[in-house]
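Just below is one structure, and these are the notes that go with it.
The values are calculated or read from the model by the stated rules, or taken from the named source; none is laboratory data. None of the values given here were measured: they were computed from a predicted structure. Every residue, glycine as well, gets a Cβ built from its backbone with ideal geometry; the counts of neighbours run over all protein chains shown. SASA here: full protein model, heavy atoms, side chains in, ligands and nucleic acids out. Shrake-Rupley method; radii C 1.70, N 1.55, O 1.52, S 1.80 Å.
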Amino acid sequence: MDIGFIGAGKVGVSLGRYLKENHVHLTGYYSQNPVSSKEAAAYTRTTSFSTVEDVVGESDLLFLTVPDGQVGKVWEQMKDLPVAGKIICHCSGLLSSAVFSEIAPRGAFGYSIHPLLAVSDKFQSYQTFYHAVFTVEGPEEKRNSVSELLRRCGNRIVYLDACQKAKYHAAAVMASNLVAALYDEAQKLLIECGFSRELAAESVNPLFLGNARAVAEKGAVAALTGPVERQDTETVQKHLEALDGNDREIYRLLSLQAVEIAEQKHPEKDYKELKGRFMQ
């Protein structure tokens, strides 16, 4: 199977290099920015195409690795080309294959393929793909062909229905982007207590990294510590009284989730009184 890319940003270049490292044959890249496509082609030792028509013509499977808002527009530009029999994929965590409108009458097959990881660097992130779980959404007819390509690279696959994409993407955001927001919230509260920004970061980092490592290695239930886990109602009440506005609401909602985790860790304990503090 010959694989081409439309879009030469971080995801396209990283995924291309990853597939290349796993001996998958790539045709090359097309980008509206010729410099980007040439750079991507040189990095993956493939071809830089000058038109969409050329990369479509040379490829059996095409990844549209462009921003979410551009996926539908790129498909509109290419759907009247000779795409019969071809597999067309995008890598959006949110969008489903429905973005490829009227693809079935053209004899092509559309899929959303998403690696559950953060791609932060065009030339280094491909190394993290070895540990990624990929989600695949789209029609059954060619789904195994797409999945087998990734399984041969050693990746695990989870099939999603189109209606699950938004919830799936929200989960990914909670595990990545919103963790950054929570870190910033802790740092902000320390600054309000008199810490400099630099000292706040230096102080939080060991706590943040140590807990993240414990959760990743042992799971949330085994790793949970703190006043919620030990039913320290007095401490929790003082926290609630010290916070207001969004700060209090963030603490309250996350603590309710922590109570659910604590109940799994200590099924013999009754957390009703503590839970009631967070329901007020």
Å² of accessible area per residue within the chain, as computed with a 1.4 Å probe and no ligands counted = 54 Å²
Using alpha-carbon coordinates, inclination of helix 68-78 to the longest axis of the chain, degrees | 10 degrees
How much of the accessible area of the stretch 68-114, probe 1.4 Å, is carbon plus sulfur, in whole percent?
-> 56 percent
What figure in square angstrom, to the nearest 10, would you give for the accessible area of K10 with a 1.4 Å probe?
-> 100 Å²
Please work out which option in (1) -0.37, -0.57, -0.67, -0.84; (2) -0.29, -0.44, -0.53, -0.73; (3) -0.41, -0.64, -0.76, -0.96 gives log10 I(q)/I(0) by the Debye sum over Cα atoms at q = 0.07, 0.09, 0.10, 0.12 Å⁻¹ calculated from these coordinates, and answer with its label.
-> (1)
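From Cα pairs below 8 angstrom and at least 6 apart in sequence, can you work out the relative contact order of the stretch 1-155, rounded to a whole percent?
The value is 22 percent.
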Mind pulling the angle between the C-alpha long axis of helix 177-192 and the longest principal axis of the chain? Nearest 10 degrees, somewhere in 0 to 90.
-> 40 degrees
Just the accessible area for I250, please: 1.4 Å probe, Å², rounded to the nearest 10?
-> 70 Å²
Specify whether the C-alpha gyration tensor of the stretch 182-260 places it in the rounded, prolate or oblate class, a ≥ b ≥ c being the square roots of the eigenvalues: rounded for a/c under 1.5, otherwise prolate if a/b is larger than b/c and oblate if not.
-> oblate
T27 long-range amide H proximity, modeled H, under 5 Å | I3, G4
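In what order, largest first, do L149, L95 sit by accessible area if the probe radius is 1.4 Å? Don't jump to the answer; show the numbers that get you there.
Details: L149 5, L95 45 Å².
So, going from the largest accessible area down, we get L95, L149.
Probe radius 1.4 Å, ligands and nucleic acids ignored: give me the carbon and sulfur share of the accessible area of the stretch 137-262 as a rounded percent.
Reported share for carbon and sulfur atoms: 55 percent.
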Per-residue SASA entry for D2, accessible area with 1.4 Å probe, Å² rounded to 10 = 50 Å²
Starting from the Cα of I250, step 7 Å along the direction of its Cβ; do the same at Y159; then give the gap between the two resulting points in nm.
-> 4.0 nm
Nearest 10 degrees, 0 to 90: what angle lies between the long axis of helix 197-218 and the longest principal axis of the chain (Cα atoms)?
-> 80 degrees
Which distance in Å, rounded to a whole number, links the C-alpha centroids of the stretch 120-166 and the stretch 30-105?
-> 17 Å
Could you pull out the pairs from K79/K142; K122/K188; K38/K165; K188/K238; K10/K167; K10/K73 whose alpha carbons sit more than 22 Å apart here?
-> K122/K188; K38/K165; K10/K167
Between L116, L150, L81, which gets the highest mean-square fluctuation from a Gaussian network model of the chain, Cα cutoff 10 Å?
-> L81
Over the chain, the sum of -39500 (n - 2.57) across DSSP H runs of at least four, divided by residue number and rounded to 500 deg cm²/dmol, gives at 222 nm -15500 deg cm²/dmol
Heavy-atom accessible area order for S203, S14, S36, S120, largest first, 1.4 Å probe | S120, S203, S36, S14
Along the stretch 98-112, Karplus-curve 3J(HN,Hα) (6.51, -1.76, 1.60; θ = phi - 60°) to the nearest Hz, with x for Gly and Pro, reads 5, 5, 8, 5, 6, 7, 4, x, 8, x, 9, 10, x, 9, 9
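Suppose R0 equals 41 Å; then what is the FRET efficiency for E198 and Y130 from their Cβ-Cβ distance, rounded to the nearest 0.05?
Working: r = 35 Å, r/R0 = 0.85.
Once rounded, the FRET efficiency stands at 0.70.
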